[in-house]
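See structure below.
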Amino acid sequence: MHVPDGFINAPVSVAAGVVAAAAVAVGLRGARHELEERAAPLAGLVAAFIFAVQMLNFPVAAGTSGHLLGGALAAILVGPFTGVLCVSVVLLMQGILFADGGLTALGVNITVMAVVTTVVAYAVFRSLVKLLPRKRRSITVSAFLAALISVPAAAAAFTLVYAIGGTTDVPIGRVLTAMVGVHVLIGIGEAAITALTVGAVIAVRPDLVYGARGLTAPLKLRVNGELVDTPAGAAPATGPAPAAAARSHRKVWLAGLATSLVLAGVVSFYASASPDGLEKVAADKGIDAEVEDHAAADSPLADYGVEGLGDARMSGGLAGVIGVGVTVVAGTGVFWAVRRRRTPDAQAGPGSAQAGPGSAQAGPGSPQAGKSV
Amino acid sequence: MGAGHAHRLYRPGHSPVHALPPHTKLAAVLAFVLVVVSTPREAMWAFGLYALLLAAVAYAARVPAGSVLKRLLVEVPFVAFAVLMPFVAQGERVDVLGLSLSVNGLWGAWNVLAKGTLGVAASVLLASTTELRELLLGLQRLRLPPLLVQIASFMIRYGDVIADEMRRMRIARESRGFEARGVRSWGVLAKSAGALFIRSYERGERVHLAMVSRGYTGSMPVIDEMTASRAQWSYAFALPAAALVVCLLGWTL
């Protein structure tokens, strides 16, 4: 759902706009790096794809249906930079052309739906791909989990923006519970569809899945009926040494991730009992005082209090898990960026070899371009 | 949704509002919405004046009221959310027809409804009076990065092509007896989405090669340089300027 005008106050909207502009600038730089001068047509077509796929209805049950949000899918298929860029362009065009989402809320929309979703999804995806065994199935599983986490993470990010600049003081705990609760459900659908779609792409054109680069098996030549490795230098080398190193890293990461998730989800659940206890005492006192004043009001209030407490605990645990997810993702991102910089150009860009076959059909592209203006 | 979606909002015409350079209109709408958002919600009359201002623009643009109102339906999902606000917000409560509502929540709902509706109405007026290509040129004039504008223009140009491709896939599925029913058909639909991605990406590669073979080097040539005279700027900014006066009155009164 797009945030409309008037939902977030003006200063925070402007600040979110600045954040969004910075993110788009980073995305532009990154996309130019990822796609070089092919950036404009390719990113444009991918944006058109996301726009179209948001119209594809997935029936749920009893006449209801949902559709894909596309942030996680874009990040996995075309990479984080191009993904941020494509989803931002889709949001910009929806705002200007279809009045979908307020113009002043464009910054909030881009920050929450394009940046947070895409970056969280990609970070989760990449770290899982590194942790899990190098199989096609683990790509699908990672895509599922990445999409599953990215949607409630975006909801939590929205709640944060709302807490800073919301125009109504709905209790933040309740907003968080409602937003994250609803978006966990949405996230399950998004995750299933994203995983299935990535699986479908990877079955046909594994080279087009940006997030699965470097997982392709090294090229082998059949010489006299025997499979022989291609000479070094001809193919991107994925020798045994880096693989072993990756595996040893993998164990450490797996253990660390599991521990921090357990800590965040379970321990914070109990740890939050202490402040909750304080709150409960205060609430009890408050309720008691009110009960003395007008006794009729006690039962709904008491109900609210208990409900609120249970929700706060749940939301605390959930927030912890999401927080760890975001942190792991950010840390991994930094680590990964540093490591990538150290081994530049180890992997050639995909698709550059596949550009050939379609060139004969390129002619019709231009008249179509003219037609649809 | 689907083909033609991109054109449906635009209403061709020759009104003075249609004739304004697109970048002045874009800037004016953005300024107007910003002013509306920063108006205090207690000044209810100010929002009435804003609505009158927009009505005047619609009159000048000869956009019938019915078409604007029909397009306001975009905001329906969010009206539902606004209706919930008085029930969940905190603070002082007031009894209306036997329901206990939060005063703060009522103000919040009013705030979101009024500002959201005005924002949507302003965007609808902009989209109704400005051609797609002009909008993109306007964005470029407003110093959006050229690459971003190029991506947006490719998205707009090929949006219908990709949507048509999706429709052909749907027709192919249905002519083979497929009917999307419940979660079990997700696999088929997701495979279609995957195929659509591959087709879109490959089309992007073909388009790029076609453009390279016609001399594309990474930037699009600007054929019609748009400029706006001072009179056009001041004409376009009559709307946000009037709104600003209302806003300042709203703060002081």
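The values are calculated or read from the model by the stated rules, or taken from the named source; none is laboratory data. Remember, it's a predicted structure, so these values are computed and weren't measured experimentally. All Cβ positions, glycine included, derive from the backbone under ideal geometry; neighbour counts span all protein chains shown.
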Looking at the stretch A:70-83, is at least one residue within 11 Å of chain B (Cβ to nearest Cβ), within 21 Å of B:Q150 (Cα to Cα) and either polar (S, T, N, Q) or assigned to a strand (DSSP E or B) (or both)?
-> yes
Kindly provide the set of residues from the stretch B:147-189 that are more than 9 Å from chain A (Cβ to nearest Cβ), modelled with pLDDT under 85 and assigned to a helix (DSSP H, G or I), ordered by number.
-> B:R184
Any idea which of (1) within 14 Å of chain A (Cβ to nearest Cβ); (2) crowded, with 21+ Cβ neighbours inside 10 Å is the one B:A236 doesn't satisfy?
-> (1)
Do we have B:P86 as in contact with a strand residue (DSSP E or B) (Cβ under 8 Å, 6 or more places away or on another chain), without any contact (Cβ under 8 Å) to a residue 40 or more places away in the chain and at negative phi here?
-> yes
Among the residues of the stretch B:211-231, write down those that are within 17 Å of B:L142 (Cβ to Cβ) and in contact with a His (Cβ under 9 Å, 6 or more places away or on another chain).
-> B:M226, B:A228
Taking interchain pairs and intrachain pairs at least six residues apart, which have beta carbon atoms under 9 angstrom, with the first residue in the stretch A:1-18 and facing chain B (nearest Cβ under 7 Å) and of a type in the set (S, T, N, Q) and the second part of a helix (DSSP H, G or I) and surrounded by 17 or more Cβ atoms within 10 Å (Cβ to Cβ)?
-> A:S13/A:L106; A:S13/A:G107; A:S13/A:V108; A:S13/A:G165; A:S13/B:L34; A:S13/B:V37
For the stretch A:93-112, which residues satisfy the criterion of being in a helix (DSSP H, G or I) and over 21 Å from A:V151 (Cβ atoms)?
-> A:M93, A:I96, A:L97
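The rows are residues; the columns are (1) at pLDDT 80 or above; (2) in the same structural domain as A:A153 (by TED's automatic domain parsing); (3) surrounded by fewer than 20 Cβ atoms within 10 Å (Cβ to Cβ).
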{"site": "A:G30", "(1), (2), (3)": "yes, yes, yes"}
{"site": "A:L35", "(1), (2), (3)": "no, yes, no"}
{"site": "A:A39", "(1), (2), (3)": "no, yes, no"}
{"site": "A:A52", "(1), (2), (3)": "yes, yes, no"}
{"site": "A:G83", "(1), (2), (3)": "yes, yes, no"}
{"site": "A:C86", "(1), (2), (3)": "yes, yes, no"}
{"site": "A:I96", "(1), (2), (3)": "yes, yes, no"}
Residues in the stretch B:105-146 that are farther than 30 Å from A:V175 by Cα, within 9 Å of chain A (Cβ to nearest Cβ) and basic (K, R) total 1
Residues of the stretch B:111-133 being crowded, with 19+ Cβ neighbours inside 10 Å and either within 12 Å of A:F7 (Cα to Cα) or free of Cβ contacts under 8 Å to residues at least 24 places away in the same chain (or both), in sequence order, are B:N111, B:V112, B:L113, B:A114, B:K115, B:G116, B:T117, B:G119
Subset of the stretch B:198-233, residues closer than 20 Å to B:E134 by Cβ and either at the interface with chain A (Cβ under 8 Å from one of its Cβ atoms) or not in a helix (DSSP H, G or I) (or both), comes to B:S219, B:M220, B:P221, B:V222, B:I223, B:D224, B:E225, B:M226, B:T227, B:A228, B:S229
Taking the stretch A:94-104 on its own, how many of its residues are touching a residue at least 24 places away in the same chain (Cβ under 8 Å), farther than 15 Å from B:L30 by Cβ and within 7 Å of chain B (Cβ to nearest Cβ)?
-> 1
In this structure, is A:L131 within 15 Å of A:V46 (Cβ to Cβ), of a type in the set (A, V, I, L, M) and either assigned by TED's automatic domain parsing to the domain that holds A:A154 or surrounded by fewer than 24 Cβ atoms within 10 Å (Cβ to Cβ) (or both)?
-> no
